[in-house]
Amino acid sequence: MNLKLWISLAVGSLSTAAIAQDSNELVIDGETLVTETAAPAHLEDFDTIYSGWRFRSRETQALETDDFDNPAFVFVDQGLDLWEEVDGSAGKACASCHEDVEDFAGLRTQLPRVQDGELVAMEDLVNGCRTERMGAEPWKWSGGNMTAMTALIGLQSRGMPVGVKIDGEAAPFWEKGKELYYTRVGQLDMACSNCHENNYGVMIRADHLSQGQINGFPTYRLKNAKLNSIHARFKGCMKNIRAEPFKEGGDEFKALELYLASRGQGLSVETPSVRN
Amino acid sequence: MKRAIGLAAIAAMTVSAALAETVAPTNVTLADGVIEASLTGQPGDPVEGRKVFANRKQGNCLACHVNSDLSEEIFHGEVGPPIDGVADRWSAGELRAIVTNSKMVFEGTIMPAFYIDSGYERPLEDFAGKSILSAQQVEDVVAYLMTLKEE
């Protein structure tokens, strides 16, 4: 009897942990980032969108507020080294042609985008320069060199609002991404929407479900202590529901990336963010 | 010696009899949200069922349901309703249907169907053509759920 009472009290305190996104403000270097804004018109089912930062613990949140504490900056520094590093048969570095990496300010907000009829992600642009202009080997989509470079380039847009193009030539890619978002897959038979649209704000075992926004990528995860690409995260979520993931850098994930980016229109780019 | 062989033979017979009575996922009849008969022809074991409920590689029911009876586990998910007192709300036949194929009971639910081996897309190779739980595990979970009474 007493034991039972004790147990129900213990569980009672567990379930009160049920809080949705918090109301904390993300300020980095004196600049306030937009972690909450009105949902874009194409999203019918909710009014407000939130950055994944708003669903993390106080301690995890704090790591992102100061670049000296943010473990992702070790990798941003590696990106700076790579920027200067000569590689490939043309004997060039990124810095040989691009005067300053700061010139990429704003680029992160617009990607992925359609170019010559194809949907291209930042990784494609980087590897395009490596293979066609430097005569160097392409980097692995989610490898350390690539995420270091996409973090460095993305950082130049930090604080700017996500604003991908979804009409015109982009429309068919966007439609395809949307379809994938709502399609159930895997032995567990779930869609992205089941967790990130219908259940954000609640706990799924030890994880606090967010809206699955991609404004902070590549993201440093405490879980694996490295930078994680957008497609690597998609892959992880698919494997968790025991689904065969699509290929990193493939058409499906790029379409999904465009669609997810569009669900976050107006949120600040947070690259490189910190998550658990 | 002879006796031991005799016992082993009897045990083997019982096992094969049990196997023969196990209903394959595709042969389950779920009518009006109820599956009356045990999927194995045997009663489930509530002690095993409690383990299946918590185990992340098996039921992982705790991912989505708060359960006071498992207060020794730290993290309880909140995607579904708390499971406390579930036997006061549902019969064994109804619970068997919910665990076997929740989608036939709650339309469009996020809760996985635990005893189907087809009808889902792009499964990871290791899981293709398999159900999440075995028939016996479903019975064990149902037996466990039947112990969760509050009234």
Quiz item: Does A:Leu188 meet the test of being in contact with a Lys or Arg (Cβ under 6 Å, 6 or more places away or on another chain) and not polar (S, T, N, Q)?
Solution: yes
Given (1) touching a Lys or Arg at 6+ places or on another chain (Cβ under 8 Å); (2) buried (at least 18 other Cβ atoms within 10 Å of the Cβ); (3) more than 10 Å from every other protein chain (Cβ to nearest Cβ), B:Asp88 misses just (2)
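Looking at segment A:220-233, which of its residues are under 14 Å from the mean Cα position of the chain (by Cα) and more than 11 Å from A:Pro71 (Cβ to Cβ)? Break it down into steps so the answer makes sense when it comes.
Taking segment A:220-233 first, the residues under 14 Å from the mean Cα position of the chain (by Cα) are A:220-221, A:226-233.
Answer for segment A:220-233, where residues must be under 14 Å from the mean Cα position of the chain (by Cα) and more than 11 Å from A:Pro71 (Cβ to Cβ): A:Asn228, A:Ser229, A:Ile230, A:His231, A:Ala232, A:Arg233.
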Based on what the data block shows, is B:Ala113 among the hydrophobic types (A, V, I, L, M, F, W, C), facing chain A (nearest Cβ under 10 Å), surrounded by 17 or more Cβ atoms within 10 Å (Cβ to Cβ) and under 12 Å from the mean Cα position of the chain (by Cα)?
yes
Exactly one of B:Val86, B:Val141 is in contact with a Gly (Cβ under 9 Å, 6 or more places away or on another chain) and among the β-branched types (Val, Ile, Thr), and that residue is B:Val141
Output for Cβ contacts, cut-off 6 Å, separation at least six or different chains, first residue more than 11 Å from chain B (Cβ to nearest Cβ) in segment A:189-215, second outside any helix (DSSP H, G or I) and of a type in the set (A, V, I, L, M), reads A:Asn215/A:Val162; A:Asn215/A:Leu267; A:Asn215/A:Val269
Pairing a residue in segment B:128-140 that is facing chain A (nearest Cβ under 8 Å) with any residue that is surrounded by fewer than 23 Cβ atoms within 10 Å (Cβ to Cβ), where Cβ atoms lie under 7 Å and the two sit 6 or more apart in sequence or on different chains, gives B:Lys130/B:Asp117
Given (1) touching a Gly at 6+ places or on another chain (Cβ under 9 Å); (2) more than 12 Å from chain B (Cβ to nearest Cβ), A:Asp167 misses just (1)
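I'd like to check something: does segment B:33-43 contain any residue that is within 14 Å of chain A (Cβ to nearest Cβ) and either among the hydrophobic types (A, V, I, L, M, F, W, C) or surrounded by 19 or more Cβ atoms within 10 Å (Cβ to Cβ) (or both)? If you could, list the steps in order and put the result at the bottom.
From segment B:33-43, those within 14 Å of chain A (Cβ to nearest Cβ) are none; that's our starting set.
Within segment B:33-43, none of the residues are within 14 Å of chain A (Cβ to nearest Cβ) and either among the hydrophobic types (A, V, I, L, M, F, W, C) or surrounded by 19 or more Cβ atoms within 10 Å (Cβ to Cβ) (or both).
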Going through (1) more than 18 Å from A:Thr183 (Cβ to Cβ); (2) of a type outside the set (Ser, Thr, Tyr); (3) in contact with a strand residue (DSSP E or B) (Cβ under 6 Å, 6 or more places away or on another chain) one by one, A:Ala243 fails only at (1)
Could you please let me know if B:Glu72 is at the interface with chain A (Cβ under 10 Å from one of its Cβ atoms), surrounded by fewer than 16 Cβ atoms within 10 Å (Cβ to Cβ) and not in a helix (DSSP H, G or I)? yes
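Being more than 12 Å from chain B (Cβ to nearest Cβ) and acidic (Asp, Glu) is the filter here, so list the residues in segment A:223-264 that pass it.
Applying the first criterion (more than 12 Å from chain B (Cβ to nearest Cβ)) to segment A:223-264 yields A:223-234, A:236-237, A:247-251, A:253-264.
Hits for segment A:223-264 are A:Glu248, A:Asp251, A:Glu257.
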Within segment B:95-151, residues being among the basic types (Lys, Arg), in a helix (DSSP H, G or I) and out of contact with any Ser or Thr (no Cβ under 7 Å at 6 or more places or on another chain) number 1
Among helices (runs of 4 or more DSSP H) entirely within segment A:15-121, at least 2 residues that are free of Cβ contacts under 8 Å to residues at least 12 places away in the same chain and either closer than 19 Å to A:Ile230 by Cα or not basic (Lys, Arg) (or both) occur in A:58-64, A:73-84
Of the listed residues (A:Ala38, A:Ala90), the one being at pLDDT 90 or above and closer than 22 Å to A:Arg158 by Cβ is A:Ala38
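Matching residues to (1) at pLDDT 90 or above; (2) over 18 Å from the mean Cα position of the chain (by Cα):
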{"position": "B:Ala4", "(1), (2)": "no, yes"}
{"position": "B:Val23", "(1), (2)": "yes, no"}
{"position": "B:Gly33", "(1), (2)": "yes, no"}
{"position": "B:Asp45", "(1), (2)": "yes, no"}
{"position": "B:Asn55", "(1), (2)": "yes, no"}
{"position": "B:Gln58", "(1), (2)": "yes, no"}
{"position": "B:Leu62", "(1), (2)": "yes, no"}
{"position": "B:Ser71", "(1), (2)": "yes, yes"}
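The values are calculated or read from the model by the stated rules, or taken from the named source; none is laboratory data. Please read these numbers as outputs of a predicted model, since none were measured by experiment. All Cβ positions, even for glycine, are placed from backbone atoms using ideal geometry, and neighbour counts span all protein chains on display.
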